[in-house]
Amino acid sequence: MKTLLPLLFFILFSYVFVSAQELNSAVKNAYIITRMAEKFHFQPKPLNDEFSLNIFNQLLEQLDKDRIFFTGEDIKELSKFKFDLDDQVKNRQSQFLSAITKAFTAGIISADSMISNICKTPFNFTLPETLTITEDTSYPADKKAMHSKLYKLLKSSVLAEILEDDRIFTFNSSQQKKLADSLEPIARYKVQKAFKHPINIMLKGSGGIQDAVGNEYCKAIAVCYDPHTEYFPLTEKENFESQLGQQQMVFGFNFKEEDNGAIKIESIAPGSPAFKSGQINKGDELVSVQWEDKQPMDVSSGGLKQLVDVLEMSNHDKATLNIKKQDGSERSVVLFKEKMEDDIEQNKVKSFVLKGSKAVGFISLPAFYEDWENEDEGIKGCANDVAKEILKLKKENIEGLIIDLRYNGGGSMQEAIELSGIFIDAGPVGQYKGKNAKIYTLKDINRGTIYDGPLMLMVNGYSASASEMVAGTLQDYHRAVIIGTPTYGKATAQIVMPMDTTVDLKKDISAIKTDSYLKVTVSQLYKVNGTTAQAHGVQPDIVLPDILEANPQREGDNPNVLISAPIEANKYFTPYPVADLSKIKALVKTKTDASFYFQWLKSYIDFEKTHNQKKDVSLKLSDAIKENNEVAQKIIYTASIEREKASYTVQNNSFEKKQLEVNVRLKAMNDQWTKFLSDDPYLQIAYDTMLLLIK
């Protein structure tokens with residue numbers, strides 16, 4: 001026994017030492033974040049009691065969004081610090097961080113054990129049990145209440161999994177119970193795995209819970225300045241994701257893993273299969289992957305490793321990816337793996353001719369990208385690629401042009417300047433203001449235009465940043481009609497810099513290596529007329545109903561959003577004459593009012609606004625089926641609802657027709673594109689509106 005004492009003492013001492021070391025590192029980084037924000041942030045916030053409370057609430061939200069791991073007793077103790085965090089950060093103190101780490105560690109270990117024990121026993125869905133609003137939205141009072149809440153959350157999730165099997169809605173009550181009982185073990189296993197996934201990340205991470213909480217503390221402080229100021233620790237998980245993205249460039253997307261194991265698209269490689277599909281955007285969630293002649297494989301909550309295994313199963317077969325858009329809608333996208341170098345000379349932007357009573361060009365731009373290797377030339381940026389497509393479309397004698405920026409989350413601002421310049425003569429296209437309050441002008445220096453005919457931009461609530469700049473610029477110049485829904489509302493610019501208060505932004509900082517980095521909002525973008533899309537977005541000239549209205553998720557809905565007053569209009573800004581759109585707006589309203597899709601959409605939005613309100617949830621199978629049937633009757637847009645027939649056919653330009661004749665894979669993706677554009681109710685409205693603009 002005596003021989004074990006030194007070993008036990010060493011282990012205990014090492015644990016305490018590592019914990020203290022990690023706490024000190026987080027405390028130091030927290031202090032540096034506030035110093036760097038004060039020095040570089042466009043609109044830094046004072047480090048006071050209000051900021052302290054914001055950090056407190058933000059950290060609790062990040063660590064325990066579903067209010068499971070902390071008890072009411074924990075919150076009572078931790079609340080003693082909620083107005084002292086500003087002083088804790090300034091004085092580099094660790095009392096709060098130590099206290100919340102201790103409470104969170106106890107809670108997460110308890111929850112891990114409870115989940116395992118609860119999931120050992122099948123759930124009985126004949127019992128009249130209810131998950132109440134109070135339970136769902138409150139911290140459990142104590143460990144006993146935590147167990148009760150976890151039991152109900154797990155049971156509710158298993159029940160939701162069972163209801164994914166559509167057969168259950170066609171059976172009688174006895175058959176429903178039998179089917180539910182047969183599906184329950186698999187559903188329970190899947191739910192248990194999903195619930196334990198974020199816990200395992202915390203428990204098995206390289207730095208343990210202490211490191212994880214410390215990182216979340218720093219992230220909470222950063223994001224309290226604004227939604228786009230972010231702290232980036234160099235963890236093994238992030239390095240792995242980065243390497244993984246490099247490996248998966250054969251499909252052309254990088255992805256990141258959410259805490260619940262869900263996989264979301266982080267970025268798309270220009271010219272890749274994912275990019276050329278036109279159906280995939282940043283923020284999309286991967287739900288399932290189906291290889292040719294195989295059954296679909298659910299990847300919705302299995303984490304990165306499972307996804308890698310699934311995507312590596314074939315290099316040559318066709319893959320159908322089921323993705324969930326940010327607005328909740330789902331799409332099936334067909335992709336083939338490609339070697340990126342084989343595609344390097346091909347255009348990355350996709351265009352079509354919409355052929356009806358008039359020929360209208362259509363160009364999809366899923367993201368803004370630039371020619372990083374030839375910055376001075378800009379020969380491979382998206383603006384240049386769009387210009388190439390326009391030249392092809394002009395050979396098809398188009399009389400109008402539609403550019404689709406829906407779901408385009410932005411990218412290169414320089415390319416946004418270049419793209420705007422394609423359609424206007426030389427002049428200012430935007431303005432920006434940094435920390436020193438000096439206003440700078442963004443200019444298109446190239447005289448002349450590539451296309452001067454009727455122009456329309458399609459946008460929605462996920463069109464952000466560079467997309468908003470182009471839409472706002474062309475709207476201010478009265479050069480294009482903007483159709484769709486108000487855009488996201490991000491008009492700020494960020495710089496990623498090493499965590500070092502001595503950084504000089506006038507010098508090259510790319511060679512500076514540190515253990516962590518900070519993305520800081522350093523300037524705000526303004527339109528040429530002096531207003532900004534920040535928080536409010538670009539307001540379309542012709543507004544269409546949007547599914548996002550059911551659950552708004554724009555920049556302005558973020559509690560840490562930056563709000564700025566307008567500035568003076570650029571004095572060299574000379575807009576084109578204003579077009580009278582009043583009659584066109586009236587005709588569009590008549591069309592949407594008569595559209596089966598938009599009629600359904602309006603009823604869906606109204607239903608969702610009511611349905612999304614928190615309420616008690618029955619955990620009884622029969623009640624859940626009844627509720628699900630009622631919801632389905634209200635919201636499902638099925639084939640039984642008559643779909644409008646497009647007043648155009650979707651055709652390829654002459655150049656691409658030749659490629660399709662010899663490329664089977666390209667043809668398969670093109671067929672998918674053609675069907676989507678033919679059925680797209682928004683494009684149908686856009687095309688019919690364009691006919692009214694063509695003189």
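The values are calculated or read from the model by the stated rules, or taken from the named source; none is laboratory data. The model shown is predicted, which means the values in this text are computed figures rather than measured ones. Quick reminder, even Gly has a Cβ in these numbers, built from the backbone with ideal geometry, and neighbours come from all protein chains shown. For accessibility, only protein heavy atoms count, side chains too; no ligands or nucleic acids. Shrake-Rupley method; radii C 1.70, N 1.55, O 1.52, S 1.80 Å.
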> So which residues in segment 456-482 are out of contact with any Ser or Thr (no Cβ under 6 Å at 6 or more places or on another chain) and not in a helix (DSSP H, G or I)?
Replying inline: Met456, Leu457, Met458, Tyr462, Ala464, Ser465, Tyr477, His478, Arg479, Ala480, Val481, Ile482
> Which residues, counting only those in segment 78-94, are in contact with a helix residue (DSSP H, G or I) (Cβ under 7 Å, 6 or more places away or on another chain) and assigned to a helix (DSSP H, G or I)?
Replying inline: Leu78, Phe81, Leu85, Asp86, Gln88, Val89
> Taking interchain pairs and intrachain pairs at least six residues apart, which have beta carbon atoms under 6 angstrom, with the first residue in segment 438-450 and farther than 15 Å from Tyr477 by Cβ and the second among the aromatic types (Phe, Trp, Tyr) and assigned to a strand (DSSP E or B)?
Replying inline: Tyr440/Tyr432
>> Report every pair of residues separated by at least 6 positions or lying on different chains whose Cβ atoms are under 8 Å apart, first residue within segment 626-651 and farther than 24 Å from Lys591 by Cβ, second at pLDDT 85 or above and surrounded by fewer than 12 Cβ atoms within 10 Å (Cβ to Cβ).
In response: none
> Val561 versus (1) of a type in the set (A, V, I, L, M); (2) under 30 Å from Ser138 (Cα atoms); (3) open to solvent by 90 Å² or more (accessible area, probe 1.4 Å): which is the lone unmet condition?
Replying inline: (3)
> Out of all the residues in segment 585-607, which are of a type in the set (Gly, Ala, Ser) and open to solvent by 40 Å² or more (accessible area, probe 1.4 Å)?
Replying inline: Ala586, Ala594, Ser603
>> I'd like to know if segment 461-475 contains one or more residues that are on the phi > 0 side of the Ramachandran plot and of a type in the set (A, V, I, L, M, F, W, C).
In response: no
> Looking at (1) outside any loop (DSSP other than H, G, I, E, B); (2) over 23 Å from Ile483 (Cα atoms), which is the only condition Thr592 fails?
Replying inline: (2)
> So which residues in segment 158-189 are of a type in the set (Gly, Ala, Ser), crowded, with 17+ Cβ neighbours inside 10 Å and either in a loop (DSSP other than H, G, I, E, B) or under 33 Å from the mean Cα position of the chain (by Cα) (or both)?
Replying inline: Ala187
> Can we say Ser79 is modelled with pLDDT of 95 or more, surrounded by fewer than 18 Cβ atoms within 10 Å (Cβ to Cβ) and hydroxyl-bearing (Ser, Thr, Tyr)?
Replying inline: yes
> Can you name the residue in segment 436-466 that is in contact with a helix residue (DSSP H, G or I) (Cβ under 7 Å, 6 or more places away or on another chain) and open to solvent by 30 Å² or more (accessible area, probe 1.4 Å) and, of all such residues, is modelled with the lowest pLDDT?
Replying inline: Asn446
